Structure formats: C-alpha cells, structure tokens
Amino acid sequence: MDVITIAASPKTPYICADPIKGQIEIKGRSIPENSIEFYRPLVEWLEQYSGQEMKTTQVKIQLEYFNTSSSKCVLDIFKRLEVMYRKGWNIEIYWYYDEDDEDMYESGVDYQSILTCPISLVEVKSM
C-alpha cells in the first residue's frame with residue numbers, strides 16, 4: 001500500500017496518508033470546487049488501509065478554514081475512522097485550532113459530540 005500525498009493549493013489542503021507510519025495529516029484551507037472529488041483519494045485509501053492488520057493510527061487535522069461541503073467530507077472520513085475504532089483499532093484524532101479561532105474550536109467540539117472515537121482538541125498559539 002502506497003503513501004498518498006496531495007500538495008496544498010490556495011483552495012485545498014495538504015494531505016498525507018502513510019500506511020507504514022500509521023499517520024494521516026490534513027493541513028491548510030479546504031474550499032475546493034468539488035470536495036467529494038478532492039477527498040476521494042483519501043477515502044479510497046482509507047477503505048484499503050482499514051483492511052490491513054490493525055495498528056495505531058494518528059490523524060492530525062489542522063484546517064485554517066473549511067466550507068460546508070468540506071466539513072461533510074471530513075465527517076465522512078471521521079466516520080470511516082470510527083468504524084475502524086469500533087473494530088479495535090487504536091485511532092488517535094487531533095483537531096488543531098488557532099487560539100483565536102472560535103469557529104474551528106467549535107467545529108472540533110461538534111465532531112467530538114457526533115463521534116464515539118476520541119478527538120483531542122489542540123490549541124495552537126498565534127504568531
């Protein structure tokens with residue numbers, strides 16, 4: 001199984017999913033023209049990854065802004081991770097938010113209330 005890497009653009013986040021390290025990272029702005037198409041490679045990767053031997057998987061999400069369609073895609077990714085969690089995988093989700101960004105903090109709290117797998121909210125100090 002390969003590592004997938006998607007470079008960031010002004011409208012899309014950086015994505016890296018590494019099956020060997022058990023790490024997934026999404027970082028940047030997420031306002032793509034078509035969120036479903038943009039996130040499709042990661043969703044397909046997760047489908048394949050979830051069929052492998054169970055391991056600890058660390059997920060780091062650090063979005064500075066995301067639109068409604070991206071929030072639905074992120075929730076879909078989280079729900080796939082939750083299925084893995086329920087099957088015994090050790091899933092560690094970290095939701096990073098800027099200390100001055102109440103909207104991103106609230107989004108993390110909302111995801112915490114929807115999912116059963118734990119999500120750690122991590123405050124990042126502004127520069």
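The values are calculated or read from the model by the stated rules, or taken from the named source; none is laboratory data. Bear in mind that the values here come from a model prediction, so they are computed numbers and not experimental data. Cβ sites come from the backbone with ideal geometry, for glycine too, and all protein chains shown count toward neighbours.
Tell me which of these Val74 doesn't satisfy, since it passes every other one: (1) in contact (Cβ under 8 Å) with a residue 40 or more places away in the chain; (2) at positive phi.
The number of the failed condition is (2).
Determine, yes or no, whether Glu64 is touching a residue at least 12 places away in the same chain (Cβ under 8 Å), touching a Gly at 6+ places or on another chain (Cβ under 8 Å), among the acidic types (Asp, Glu) and at negative phi. First the steps, then the outcome.
Working: touching a residue at least 12 places away in the same chain (Cβ under 8 Å): yes; touching a Gly at 6+ places or on another chain (Cβ under 8 Å): yes; among the acidic types (Asp, Glu): yes; at negative phi: yes.
Here the answer is yes, as Glu64 does meet what is asked.
Does Lys55 qualify as being out of contact with any strand residue (DSSP E or B) (no Cβ under 7 Å at 6 or more places or on another chain) and at pLDDT below 95?
Values: out of contact with any strand residue (DSSP E or B) (no Cβ under 7 Å at 6 or more places or on another chain): yes; at pLDDT below 95: yes.
Yes; evaluated as a whole, the condition is true for this residue.
Quick one: in region 95-108, which of the residues that are more than 14 Å from the chain's Cα centre (by Cα) and surrounded by 13 or more Cβ atoms within 10 Å (Cβ to Cβ) is nearest to Tyr49 (Cα to Cα)?
Step one: of region 95-108, the residues more than 14 Å from the chain's Cα centre (by Cα) are 98-103, 105-106.
Right, trim to surrounded by 13 or more Cβ atoms within 10 Å (Cβ to Cβ) and you get 98, 101, 105.
Values: Asp98: 30, Asp101: 32, Tyr105: 29 Å.
So, considering only residues that are more than 14 Å from the chain's Cα centre (by Cα) and surrounded by 13 or more Cβ atoms within 10 Å (Cβ to Cβ), the one nearest to Tyr49 (Cα to Cα) is Tyr105.
For Met1, all conditions in the list (1) more than 10 Å from the chain's Cα centre (by Cα); (2) at pLDDT 95 or above hold save one; what is the number of the exception?
Exception for Met1: condition (2).
Specify which of the listed residues (Tyr96, Tyr85) is of a type outside the set (Asp, Glu) and closer than 23 Å to Val124 by Cβ. Step through it out loud before you land on a result.
Details: Tyr85 fails: closer than 23 Å to Val124 by Cβ.
Of Tyr96, Tyr85, the one residue that is of a type outside the set (Asp, Glu) and closer than 23 Å to Val124 by Cβ is Tyr96.
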